[in-house]
Amino acid sequence: MSGWTACLQGLGLVVGALLAVFSWLWITRPRTNAPGPTPVPLLGNLPHFWRKLPIVVNEFRKMQRQYGDVFRFYIGPKLILIATQPDDAKRLLVGCKMRERDDYTTRALIPFSGYGLIVNKGELWKTHRKLIEPTFHAEKRFYQPWLQIDWIISLTPDGEALKRQLNLYNGMAKQGLAIIRERRSKALPKKRKTFLDVMMDDHGNLLLPESEVYDEVRTFGLAGTDTTATALSCIFALLGLYPEWQDAIQKEVDEIFGTGEDYLRPVTESDLTQLKVTEAVIKESLRLFPAVPVAPVFASEDIPLSDGRYVAPRGSVVFVFLNLLHRQPAIYPDPDKFDPGRFLEGGGTNALPPYSYLPFGAGSRLCVGARFAMLVMKTVLATVMRQFRIIPGSTREELEEIGVFITGKPVHGINIRCVPRTAPVTVDCT
């Protein structure tokens, strides 16, 4: 027998063994009565998605219109269900005994984040979460000596409008990374603990193995840059597209910071509590474009969905699809409209069903940096909008082409142009 023949026979045995394994996995795959597209043996619904790369949120909106508020598809033998209603979000994110991540859906994150909070589960996750929470919850004051907008200022020479469009995400990502580094390295007010402080005992010894601390630093480098950069980029793009709300924010900051020499002073905690319109704009942008499109839940047991009409069987994964949850017309009238007034006094959001607005998730896996992220976004907006007008470079249709991955970024990028302000806004544009 020649060497080539032996190699071919060996390859045939390997291929045959793999086919046998895949066939067994396919035959024993979890089943559900939830509707969805017809799967192909062994591959599931992969061919359906391959033809539509990159996969965007609008593809799932089409499936929702076709199959309803709960539907399913297969990635190979892996069963994935989509949930889009508040009651199901509550049951999945809060009601489960222990909300775990599924290795199948988190494996792609490990090269970026290591084994940090996003990926960890069980007792390891509990230990890390308990140590990290004080980093974000112990804040009494919030100044921004670290806030640099030179990357915008440098692109507006001589006070003229940009000759080329600014890819906003890249600048925001760099800014977010600077904030994370500053919080790790700079000595702030004494009662405020930095990220690495909470990882050490009173003698400066690490409370976790060095590799685990490094993984958490990587995790928050990712979470603190990518998600916040995505959210802020969408906010600025929307302000460019809807100048009446840009006027409203600038009127608000002008009233808070005045028009004198101290107009560009740093933002204080007192300022942040007064930024009602700014906060409403942030919340409405996060409703339309949540930075993280889905909250995955591993079904460690059978989970009823849609008042018991469907079941997510043990071993499946359920995605609480935030983009679809936030655009339910029965909850948000005219759901695709950008209307921050929903989140102002009398706007109706106080009467929202519980778990119908979850930009930071919910339950045990609620984003540990949610409050800090809001402070950062309000501070950045208050600082930038005192100095610049935003001119749109991306259309609303382009913003809606949101890729579904770790974060939900528009596949066409987000572009704006900036014009330095010459004077505070004095007209009432609310």
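No value in this document is a laboratory result; all are computed from the given coordinates. Values in this document were obtained by computation on a predicted structure and should not be read as measured data. Cβ placement follows ideal geometry from the backbone for every residue including glycine, while neighbour counts extend to all protein chains displayed.
The length gained on full extension between Glu210 and Leu352, counted as 0.36 nm times the residue separation minus their Cα-Cα distance, comes to 46.7 nm. Taking the Cα atoms of segment 283-430, the ratio Rg/Rh between the radius of gyration and the Kirkwood radius comes to 1.02. Centroid-to-centroid, using Cα positions, segment 1-61 and segment 205-268 are 43 Å apart. Paramagnetic label reach from Leu42 (point 7 Å along Cα→Cβ; backbone nitrogen cut-off under 12 Å): within segment 3-19, residues 15-19.
Shown for segment 213-257 is the translational diffusion coefficient from the Stokes-Einstein equation, using the Kirkwood radius over Cα pairs, a temperature of 25 °C and a viscosity of 0.890 mPa s: 196 µm²/s.
Note on Glu401 and Trp50: with the Förster distance fixed at 25 Å, the Cβ-Cβ geometry gives a FRET efficiency of about 0.90. Modelled this way, with points 7 Å down the Cα-to-C-beta line, the labels at Ser300 and Arg421 are 5.0 nm from one another. Taking 0.36 nm per residue of sequence separation and removing the Cα-Cα distance, the Arg314/Glu345 pair yields an extension gain of 6.9 nm.
Under a model in which nothing but the beta-carbon of Lys, Arg (+1) and Asp, Glu (-1) is charged, segment 339-392 shows a dipole of about 200 debye around its Cα centre.
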